[in-house]
Every structure is written in C-alpha cells, then in structure tokens.
Amino acid sequence: MSERGGVDRTHASSKPQKTLFWGLHFIIILLCAWLVMGGLESMSSWSGLAVDWTDPTRACILLVCAAVYFVRHGLTLFYLLARRVEWGEVFGLTAFFAMFELGLLLVGGGVFRDSAIALSWLDIFALGLYFSGSYLNSASEVQRKLWTTSHW
C-alpha cells in the first residue's frame with residue numbers, strides 16, 4: 001500500500017465510494033436549489049422563524065457556482081482520479097462540501113442581512129475569476145490525463 005498523508009494513493013476504482021460521494025454532493029445541490037426556490041419561506045411557516053432571502057439574485061448566482069463545482073467534482077471522481085477513495089474521505093469531505101456550499105449560499109443570499117447588496121463590477125470580476133479558474137483547473141487536468149494515457 002502506498003499511503004502518504006493518511007490517504008491510500010494506490011490505484012483502484014472504489015466505485016461505491018465515488019458514487020456515494022457524488023450522490024451525497026448531488027443531495028447538497030438539491031438542498032441548495034430547494035432553498036433558493038423558496039424552501040426558506042416554507043420552512044419559516046412551520047418553524048415560526050422569519051427567514052427570507054434579502055438577496056435572491058446573488059443566491060441564484062451562488063447556486064450556479066455550486067452546480068458548476070458539482071459537475072467538476074464528478075469529472076474529477078469518475079474520469080481524472082485514478083486513486084482509491086476511502087469511506088472516511090467520502091463522509092468527511094461531504095460534510096465540508098455541505099458546510100461551505102450551504103453556508104456560502106445562506107450568507108451570500110442575505111439570510112443574515114436586512115437588505116440586498118447591489119451587484120457591481122467586482123461581482124462580475126469575481127465570477128470571471130471563478131469560471132476562468134474552473135476552466136483552467138479542469139481543462140488542464142483533462143489535458144494532463146490525455147497526455148499521460150497517450151505517452152505511457
């Protein structure tokens with residue numbers, strides 16, 4: 001076994017782990033979409049809490065960013081990642097994904113603010129960085145995979 005940094009780096013498919021990992025991430029994306037599409041309002045009616053989006057446009061943008069990350073995650077798991085994925089990694093990283101995707105959605109969507117923040121050039125710039133960085137990261141990894149499979 002080739003273990004470095006507490007992760008088994010041996011090459012193996014570990015399809016059950018990868019499938020569950022991606023499926024749990026899909027549930028997080030569905031939860032994000034449910035929240036953006038009105039889940040908070042229905043939740044506030046039965047819980048007695050006054051929960052509302054003050055920045056629904058920003059929440060929708062963050063949902064799109066989470067969906068892009070979900071697609072990139074699937075590409076990495078099922079095409080790019082040759083090493084085995086352990087069960088502990090599945091559950092630990094799923095909890096991390098839930099915290100940062102749901103957390104950013106709630107904070108960015110303005111659940112904890114009284115008013116929306118107007119979109120500005122800085123938001124456009126940040127989205128440009130996000131999408132170009134996502135492309136550069138994923139495209140370069142795909143190119144590397146294609147190169148290594150054709151040269152070995």
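Taken together, the values in this text are just the output of simple stated rules run on the coordinates, not laboratory data. Values in this document were obtained by computation on a predicted structure and should not be read as measured data. We place every Cβ from the backbone using ideal geometry, glycine too, and count neighbours over all the protein chains shown.
The simple Förster model, with R0 at 35 Å and r as the Cβ-Cβ distance, assigns residue 31 and residue 139 a FRET efficiency of 0.75.
Which shape class, rounded, prolate or oblate, goes with the range 11-151 when its Cα gyration tensor gives a ≥ b ≥ c as root eigenvalues, a/c under 1.5 marks rounded, and past that a/b bigger than b/c marks prolate? Cα axes put the range 11-151 in the oblate bin.
Each of 97, 131 was scored by other Cβ atoms within 10 Å of its Cβ. Listed from fewest to most, they are 131, 97. As a rough footprinting exposure proxy, the listed residues 21, 91 were ranked by other beta carbons within 10 Å of their own, and the order from fewest upward is 91, 21. Residue exposure proxy: 18, 145, ordered by other Cβ atoms within 10 angstrom of their Cβ from fewest to most, comes out as 145, 18.
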